[in-house]
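FYI, it's all coordinate maths here, none of it is from the lab. All values derive from a computational prediction rather than experimental measurement. Every residue, glycine as well, gets a Cβ built from its backbone with ideal geometry; the counts of neighbours run over all protein chains shown.
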Amino acid sequence: MTEPQDFLEYIVKGLVDNPNDVKVTKTVDDMGVLLTLDVNPEDMGQVIGRQGATAKAIRTLVRVAGMKGQARVNVKINEPNKEEATEE
């Protein structure tokens with residue numbers, strides 16, 4: 001579990017109620033590594049936390065894990081489509 005991508009997936013799967021819906025996509029460019037996180041719409045509140053505190057903590061942990069490998073790592077949390085969330 002040395003890759004920041006694996007580390008992010010591990011952290012988020014431990015937080016959410018639907019761990020099978022967690023998907024992390026890695027993109028590398030000249031600015032560094034961008035990890036895009038997709039979760040079940042029902043789990044967004046758990047990932048973001050109160051006033052974004054959980055999301056901020058996750059970003060900090062993943063950034064530190066990236067520093068270990070001399071990579072600049074950023075995390076983007078995709079918001080689910082409003083249409084998909086209301087179709088129940």
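Couple of notes before you dig in:
- Restricting attention to the chain, close to 60% of DSSP beta bridges with both partner residues there are antiparallel.
- Placing unit charges on the Cβ atoms only, positive for Lys and Arg and negative for Asp and Glu, gives the chain a dipole magnitude near 700 debye about its Cα centre.
- Using R0 = 25 Å, the C-beta based FRET efficiency linking LYS26 and GLN51 works out to 0.35.
- Environment charge of VAL47, counting only residues whose C-beta is closer than 15 Å and scoring Lys/Arg +1, Asp/Glu -1: -1
- The chain: angle of helix 4-15 to the longest principal axis, Cα-based, in degrees nearest 10: 30
- Within-13-Å neighbourhood charge of PRO19 [Cβ basis; K, R +1; D, E -1]: -4
- Lys/Arg +1, Asp/Glu -1 at C-beta; segment 4-78 dipole; positive extreme among THR60, ASN18, VAL28: THR60
- Mean sequence separation of contacting Cα pairs (under 8 Å, at least six apart), scaled by the length of the chain, corresponds to a relative contact order of 31 percent.
- Proximity of backbone amide H atoms, modeled 1.01 Å from N, is registered between ILE77 and LEU37 at under 5 Å, excluding neighbours fewer than 5 places apart on the same chain.
- Which labelled figure in [x] 18.2; [y] 12.6; [z] 13.4 is Kirkwood radius over Cα pairs in Å, once derived from the coordinates: [z]
- Angle between the chain longest axis and helix 53-68 axis [Cα atoms, degrees, rounded to 10]: 30
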